[in-house]
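Visitor: Once you've had a glance at the structure underneath, I'll fire off some questions.
Please treat every number below as a calculation from the coordinates, not as lab data. Computed from a predicted structure; not experimentally measured. Don't worry about glycine lacking a Cβ; one is built from the backbone with ideal geometry, like all the others, and counts go over all protein chains shown.
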Amino acid sequence: MQIETVLWIILAAIFALSLALFQYYYKTKRRDKLIVLLSFFRFLGVFGILLLVINLKFVKKEYSVVKPKLVLLVDNSSSIKNADAGASATRVLKEFNKNTSLKDRFTISQYNFGEGLSEFNDSLTFSDKNTNIGAALKSVKDIYRGGNTAIVLLTDGNQTLGEDYEFFGNTSKFPVFPVVLGDTTRYEDLKITQINRNKYAFLKNKYPLEVHVSYEGKKTVQAVLTVSENGKTIYRKNLNFTATDNSKVIETNITATSVGIKKLKATISVLENEKNTVNNSKTVALEVIDEKTNIAIVSAIAHPDIGALKKAIESNEQRSVHVLKPTSNAKAWEDIDLFILYQPILSFQNIFKYCNMARKNSLVITGTKTDWRFLNTVQSEYVFEEGYPVQEVIPLLNATFSKFDLSDFEVTDFPPLQSNLSPLITIKADEVILNTSIRGIQIETPLLTVSESENSKAGFLFGEDLWKWRMQSFRNQQNFKKFDAFIGKLMLYLVSTKQKNRFILDYEQIYLGQNEAIIKASVFDEAFVFDGNATIDLKIKGKDNSVNKEVSMLMNALSYEADLSDLPAGDYNFTARVKNTNNVKSGAFSILEYDVEQQFLFSNELKLNRLATSTNGELYYPNEINKLNKVLLEENRFTPVQQSKENVVSLVEFKILLALILLAFAIEWFLRKFNGLT
């Protein structure tokens, strides 16, 4: 207590005593015991009030023993059950729970984990379909932040989700003591680890397929990889593996022979003593689409360019070219996706009118026979002048063009085209593919351009003798591939028309297990703003089972979702409908019997040991629990710590002092009244 406070207490006592003596002894002749009592109680009451005014404070210390925390993390995934390690996990937990010394030394908490962390219940089910060891360790770190904590991790070390747990030690100071569950013996194992493919392929085209195969073992083995499409073998290859050459990536191209969803199953043959054969195959799906494109070359004259264009375009079997006269029957135009209008003249009047009304995309190729006055009246992209002489124009590639990839196309040494084009006035914004050079000087007039409007696309090539470019491409590369690919990209760009879809579905054709079965949808209003008030009903019908159900898709952020994890494995058709609208979409998907936890045959003790080392822990096996308990009980870093807590308490908070003050004044008042004093 400070000296200043002691002085205030002494002054308070002197003042209270002086007040009592003044009241009962000053000018009073009476000196009996009653006066002594009354002055005493008056002194107590006044002195107590003055102590409250001074506001004395006392420091109160509380002592407690803080135990270190011991967290038991138990892997509850199905791989523990598959490896017959569940009994070991249960036995280890019982040994921890019955050890009273551990309970006296630690505050013990128990959690089980699979895909996420959850509080431990009475029994373990070992039914979780995924394992995320990294997330479980991170959650424990967040819960017990800053405390003296040790983690006992009961797992097989095989993780199927999340960040690699091996690097947990880089971000945490908690020691981890892994207890390895399951078989640690390394068996020979061949498995398909991954299949890469496109989601879609075009009919009669080849699509790439990439299969990743790995081998676990020390011998030299031979195996056969087969790929089947809807049960029919379409590819086979013999493979050799050794202890060092234990991973291969097989790439092949498959021809899409028919339209529809194709189930592709890659299978690696089984070794003689292989125990885990579940991971020897993997199934994916893709959809083959018939995107046949009809293109018409309309010309009133015969020219080698027409044949060169037809050959280049039809090098892709998905495209078909029809050579038409401008005066042909209009019924022949209805199925055309793109019109190539070669050197238009007055007889092209009707076909230009049709293209504008039907909003058809077009490519206009001009030359020495073009009627420029007519062309000014039927298109709105450019304004041309007449009367310019025919001259040779050299192409220059525009490196800044970005509508499609031009990196594989070169125009170096290409022969000139013939053109009598005048300087032009651009009405609509365009994108230049090829610039123009005359006698070595680049001019502002472009040679090849494309432009877009709200509902259509248009292209312009201002020169004839395009066939010479195709021949030059053959001279340069000994084939027509680069030129034909360039024309193909130009056709693909001009054929495609942007159509904004207000109802979009996102789903997979094949789901590996029920946990992944989710269908997503997005709905937009007429202004193409996400509609958060839509109601989407999903009807699902099984192809080979009796499932027939209807569910409502629930909103999740900026999409709607339907969780189909309750569906059994099988093939399904579905229809999604936005209520009170005409937006309806259908599709099909398959759910395969698949458990990723079954892909693991043995425990990953090597990775668990690295985790223990990086966190200053130690690896143990189920038969070494007594050794682990001894380490936990004897290591100084897990010693309970006595903590003291100082509480500063004001005198006002002492209710007994208030009671004494009231009691002193009450007794004084009672004695005065009882003895007739005023």
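Visitor: Rounded to whole Hz and in sequence order, give me ³J(HN,Hα) for region 401-409 from the Karplus expression 6.51 cos²θ - 1.76 cosθ + 1.60, θ = phi - 60°, writing x for Gly and Pro.
Guide: Going residue by residue, I get 5, 10, 5, 8, 6, 10, 5, 8, 9 Hz, with x marking Gly and Pro.
Visitor: Related question: Just from its helices, what would the mean residue ellipticity at 222 nm be for the chain, if runs of 4 or more DSSP H residues each count -39500 (n - 2.57) and the sum is divided by every residue, rounded to the nearest 500 deg cm²/dmol?
Guide: Working: 14 runs with 172 residues, N = 678.
Here the helix-only value at 222 nm equals -8000 deg cm²/dmol.
Visitor: Compute the acute angle (0 to 90°) between the alpha-carbon long axis of helix 655-674 and the principal axis of greatest extent of the alpha-carbon atoms of the chain; round to the nearest 10°.
Guide: Approximately 40 degrees, to the nearest 10.
Visitor: Now, a different point. Would you mind checking which residues have amide H under 5 Å from VAL547's amide H? H placed 1.01 Å from N; only 5 or more apart, or other chain.
Guide: Under 5 Å from the amide H of VAL547: GLY542.
Visitor: Cβ under 12 Å from PHE574's Cβ, PHE574 left aside: what net charge do those residues give with Lys, Arg +1 and Asp, Glu -1?
Guide: Values: positive: LYS539, LYS541, LYS543, LYS549, ARG577, LYS585; negative: ASP537, GLU550, ASP571.
Value of the local net charge: +3.
Visitor: Roughly how tilted is helix 86-97, in degrees to the nearest 10 and between 0 and 90, from the longest Cα axis of the chain?
Guide: 20 degrees
Visitor: Could I ask something else about it? Using DSSP to define loop residues, name the trypsin sites (Lys or Arg not before Pro) in region 526-557 whose beta-carbon has at most 16 other beta-carbon atoms within 10 Å. Write down the numbers at each step before the final one.
Guide: Details: sites: LYS539, LYS541, LYS543, LYS549; in loops: LYS543.
Taking region 526-557 and a limit of 16 other Cβ atoms within 10 Å, the loop trypsin sites (Lys or Arg not before Pro) found are LYS543.
Visitor: Starting at the first residue of region 418-433, write each ³J(HN,Hα) from the Karplus equation 6.51 cos²θ - 1.76 cosθ + 1.60 with θ = phi - 60°, in whole Hz, x for Gly and Pro.
Guide: 8, 8, 10, 6, 8, x, 10, 10, 8, 8, 10, 4, 10, 10, 8, 8
Visitor: Taking the Cα centre of region 293-495 as origin and charging only Cβ (+1 Lys, Arg; -1 Asp, Glu), how large is the dipole, in debye to the nearest 20? Mind dumping the intermediate values first?
Guide: On the way: 20 positive and 23 negative charges, 86 e Å.
Computed charge dipole of region 293-495: roughly 420 debye.
Visitor: What's the ranking of 48-54, 458-464 by average number of surrounding C-beta atoms within 10 Å, highest first? Before the final figure, lay out the partial values.
Guide: On the way: 48-54: 16.7, 458-464: 24.1.
By packing density, highest mean first, the sequence is 458-464, 48-54.
Visitor: Any chance you could tell me what percent of the C-alpha pair distances in region 503-596 go past 17 Å? Don't jump to the answer; show the numbers that get you there.
Guide: On the way: 2076 of 4371 pairs.
Summing the P(r) tail past 17 Å for region 503-596 gives 47 percent.
Visitor: Please give me the summed charge of the neighbours of LEU592: other residues whose Cβ is under 12 Å from its Cβ, Lys and Arg +1, Asp and Glu -1. Don't skip to the answer; put the middle values down first.
Guide: Details: positive: LYS263, LYS265, LYS282; negative: GLU508, GLU516, ASP571, GLU593, ASP595.
With Lys, Arg at +1 and Asp, Glu at -1, the neighbours total -2.
Visitor: Hey, got a sec? Which GluC sites (Glu not before Pro) in region 511-573 land in a DSSP loop and have at most 12 other Cβ atoms within 10 Å? Numbers along the way, then the final one.
Guide: Working: sites: GLU516, GLU526, GLU550, GLU561; in loops: GLU526.
Passing sites in region 511-573 are GLU526.
Visitor: With +1 on each Lys and Arg Cβ and -1 on each Asp and Glu Cβ, and nothing else charged, work out how big the dipole of the chain is about its Cα centre, in Debye to the nearest 20. It would help to have the intermediate numbers written out before the result.
Guide: Values: 80 positive and 76 negative charges, 577 e Å.
Roughly 2780 debye for the chain.
Visitor: Turning to a different aspect of this structure: For the chain, what proportion of DSSP beta bridges, expressed in % and rounded to the nearest 5, is antiparallel? Don't skip to the answer; put the middle values down first.
Guide: Details: 105 of 152 bridges.
Restricted to the chain, the bridges split so that about 70 percent are antiparallel.
Visitor: Further question on the same structure: Using only the alpha-carbon atoms, how far is helix 467-477 inclined from the longest principal axis of the chain? Give it as 0 to 90 degrees, nearest 10.
Guide: So the inclination is approximately 60 degrees.
Visitor: Right, next: Among (1) 13, 25, 24, 18, 11, 7, 3, 0; (2) 17, 51, 29, 3, 0; (3) 13, 28, 21, 15, 12, 9, 2, 0, which one is P(r) over Cα pairs in 20 Å bins from 0, in percent computed from these coordinates?
Guide: Computing P(r) over Cα pairs in 20 Å bins from 0, in percent and matching it to (1) 13, 25, 24, 18, 11, 7, 3, 0; (2) 17, 51, 29, 3, 0; (3) 13, 28, 21, 15, 12, 9, 2, 0 gives (1).
Visitor: Please identify every one of the trypsin sites (Lys or Arg not before Pro) in region 214-244 that sits in a loop by DSSP and has no more than 14 other beta carbons within 10 Å of its own beta carbon. Don't jump to the answer; show the numbers that get you there.
Guide: Details: sites: LYS218, LYS219, LYS232, ARG236, LYS237; in loops: LYS218, LYS219.
Listed in order of number, the matching sites are LYS218, LYS219.
Visitor: Can you tell me the order of 573-582, 403-412 when each peptide is scored by its average per-residue count of other Cβ atoms within 10 angstrom, highest first? Intermediate values should be presented prior to the final figure.
Guide: Numbers: 573-582: 14.6, 403-412: 12.8.
Result, highest mean Cβ count within 10 Å first: 573-582, 403-412.
Visitor: Order 152-161, 363-372 from most to least packed using the mean count of other Cβ atoms within 10 Å. Could you put the intermediate results ahead of the total?
Guide: Details: 152-161: 24.5, 363-372: 19.9.
Result, highest mean first: 152-161, 363-372.
Visitor: Give the residue from TYR621, LEU592, LEU632 lying farthest towards the positive end of the charge dipole for region 592-637; charges sit on Cβ (+1 for Lys and Arg, -1 for Asp and Glu) and the dipole is referred to the Cα centre.
Guide: Positive-end residue among those listed: LEU632.
Visitor: Let me check against my output: what whole-number percent is the relative contact order of the chain, with C-alpha pairs under 8 Å and at least 6 apart?
Guide: Values: 1306 pairs, mean separation 110.6, N = 678.
The value is 16 percent.
Visitor: To check you understand DSSP bridge types, tell me what percent of the beta bridges within region 503-596 (both residues inside) are antiparallel, rounded to 5.
Guide: On the way: 32 of 35 bridges.
Counting DSSP beta bridges with both partners in region 503-596, the antiparallel share is about 90 percent.
Visitor: Could you state the per residue volume, in Å³, of the convex hull enclosing the Cα atoms of region 56-202?
Guide: Details: hull volume 29.4 nm³, N = 147.
That works out to 200 Å³ per residue.
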